[in-house]
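See below for the structure under consideration.
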Amino acid sequence: MKGWFLYTLQFGLPEYYFKRLYDEAKLKGVELSAVAIDNLALVIDHQNSVLHLKGDVVELPDFIFIYTPPPILANFILTDFFKSKQVIVVNDMDAAMLCKNKWRSILRLAENGLPIPKSLLINTGLTIDSPVLKQFSFPLLLKSLDGFRGQSVAKIDDSIQLVDFLGILHNANPNKELLLQEYIAPSHGQDVRVFVIGGKARAAMHRQNHEGRFKSNLAQGGKAAPYALDKSLCDITERAAKCHNLDLAGVDVLFDDCGYKICEVNAFPGIAGIEKATGINLANQLITHLISLVK
């Protein structure tokens, strides 16, 4: 069995992720290769289609695992061709694009009865006297729809700050849409990342920022520790992955006074932080799942 670890030259090959999957695949007799999608070219005519890798005709793999930041998902439109040839692709690009748009994703969660922060889709032309804002109280979170790793998220403490932020953003892009959300105070500077593979919650880590900042992402200075999966946490994160049609998901969960609320669903969760924090061999479980999809 052969598989590809598909990435982009712009983002670069995530060495830890690939090595972990490569080593586990090798133990199972699976040949896993790192392939930059930038080096692939598809030549088609009315009779057939031929895929080239660095100019040479290449045989299709049995499965493809994709890892890339959301902003460059457009580069992966070629995955439609793989699917047409019955190559297993994880994750599905339609599912990944759903996760990329935070509003569409939060709407999908709400439609499936999952707990989320109160949310509002706005554009930068919103005025502070808009009646809809009466349903919210400060502080609030203001998010770009396609931010990742804790980027493009701001905590808004009062109406003056909101006006200032919207004014700056409006001048840069008058039509930009944003996500406005209630701030979940009990989860200040902390959350839980749950790793879901094949519809089952496999591991969880508690992420906490010890410098007083509200962001807990590891990329923003958060520290990770193992977190025990309970029935409620497994239930909501597994349902979140399922309603997004994800084989692999990183579900970020906030602490609320009444339990948990889902912050967001990630289609390309990193593996290094959670493996090191929990000691759980997630690479093995992921390769096992990929093999099962092929068989």
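None of the figures in this text is laboratory data; all of them are computed from the coordinates on show. What you see is a predicted model, and the numbers here were worked out from it, not measured in a lab. Glycine also receives a Cβ, built like all others from the backbone with ideal geometry; neighbour counts cover every protein chain displayed.
If you average the C-alpha positions of segment 156-214 and of segment 245-286 separately, how far apart do those two centres end up, in angstrom?
The distance from the Cα centre of segment 156-214 to that of segment 245-286 comes to 16 Å.
For all pairs of alpha-carbon atoms in segment 27-158, what percent lies in each bin of width 10 Å, listed from the first bin to the last filled one?
P(r) for segment 27-158, in whole percents per bin: 9, 30, 25, 17, 13, 6, 0.
Suppose every Lys and Arg Cβ carries +1 and every Asp and Glu Cβ carries -1, with no other charges. What dipole size does segment 2-91 come out with about its Cα centre, to the nearest 20 debye?
Numbers: 8 positive and 10 negative charges, 41 e Å.
Rounded to the nearest 20 debye, it is 200 debye.
With a 10 Å Cβ neighbour count serving as the proxy for reagent exposure, in which order, fewest first, do M205, M93 appear?
Numbers: M205 24, M93 20.
Listed from fewest to most nearby Cβ atoms, that is M93, M205.
Could you go through segment 36-41 in sequence order and give the Karplus-derived ³J(HN,Hα) for each residue, using 6.51 cos²θ - 1.76 cosθ + 1.60 with θ = phi - 60°, rounded to whole Hz, and x for Gly and Pro?
7, 5, 4, 8, 9, 9
Sum -39500 (n - 2.57) across every DSSP H segment of at least 4 residues in the chain, then divide by the residue count to get the 222 nm mean residue ellipticity, nearest 500.
Working: 8 runs with 84 residues, N = 295.
The per-residue figure over the chain is -8500 deg cm²/dmol.
Using a Gaussian network model of the chain whose springs link C-alpha atoms within less than 10 Å, name the residue from D94, D247, D164 with the highest mean-square fluctuation.
Ranking D94, D247, D164 by mean-square fluctuation puts D164 first.
Taking the chain, how much of its Cα-Cα pair set, in percent, is spaced more than 31 angstrom apart? Don't skip to the end; give the middle numbers.
Working: 14328 of 43365 pairs.
Of all Cα-Cα pairs in the chain, 33 percent lie more than 31 Å apart.
Calculate I(q)/I(0) for segment 128-199 by the Debye formula, one identical point scatterer on each C-alpha and no solvent, and give its log10 at q = 0.21, 0.28 Å⁻¹ to two decimals.
Cα-only, vacuum Debye calculation for segment 128-199: -1.03, -1.50.
Which of K242/K295; K102/K295; K54/K85; K83/K118; K100/K200; K134/K155 have a Cα-Cα distance over 27 Å? Write down the numbers at each step before the final one.
Details: K242/K295 21 Å; K102/K295 34 Å; K54/K85 20 Å; K83/K118 37 Å; K100/K200 22 Å; K134/K155 18 Å.
Correct reply: K102/K295; K83/K118.
Whats the longest run of the chain with zero GluC sites (Glu not before Pro) that are DSSP loop and have at most 12 other Cβ atoms within 10 Å?
Values: sites that count: E59, E211.
By the stated rule (loop sites, at most 12 other Cβ atoms within 10 Å), 60-210.
Along the charge dipole of segment 177-295, Cβ charges K/R +1 and D/E -1, which of A277, A224, C263 sits furthest on the positive end?
Value computed over the given set: A277.
Springs between alpha-carbon atoms under 10 Å, Gaussian network over the chain: tell me which of K134, K200, K83 tops the mean-square fluctuations.
Answer for the Gaussian network model of the chain: K134.
Restrict the search to segment 3-35; then list the chymotrypsin sites (Phe, Trp or Tyr not before Pro) that DSSP places in a loop and that have at most 16 other Cβ atoms within 10 Å of their Cβ.
Numbers: sites: W4, F5, Y7, F11, Y16, Y17, F18, Y22; in loops: F11.
Here the sparse-neighbourhood loop sites are F11.
If you project the alpha carbons of segment 187-294 onto the principal axes, what extent comes out on each, in Å, largest first?
Principal extents (Cα only, largest first): 46, 28, 21 Å.
Once the dipole of segment 166-295 is set up with Lys and Arg at +1 and Asp and Glu at -1 on Cβ about the Cα centre, which of Y183, N173, N245 lies farthest towards its positive end?
Of the candidates, N245 comes out farthest on the positive side.
Taking the chain as a Gaussian network, Cα atoms linked when under 10 Å apart, which of L246, L145, L121 shows the biggest mean-square fluctuation?
Answer for the Gaussian network model of the chain: L121.
Rank the residues K85, K223, K215 as a footprinting-exposure proxy: fewest other Cβ atoms within 10 Å of their Cβ go first. Numbers along the way, then the final one.
Values: K85 9, K223 16, K215 20.
In order of increasing Cβ crowding within 10 Å: K85, K223, K215.
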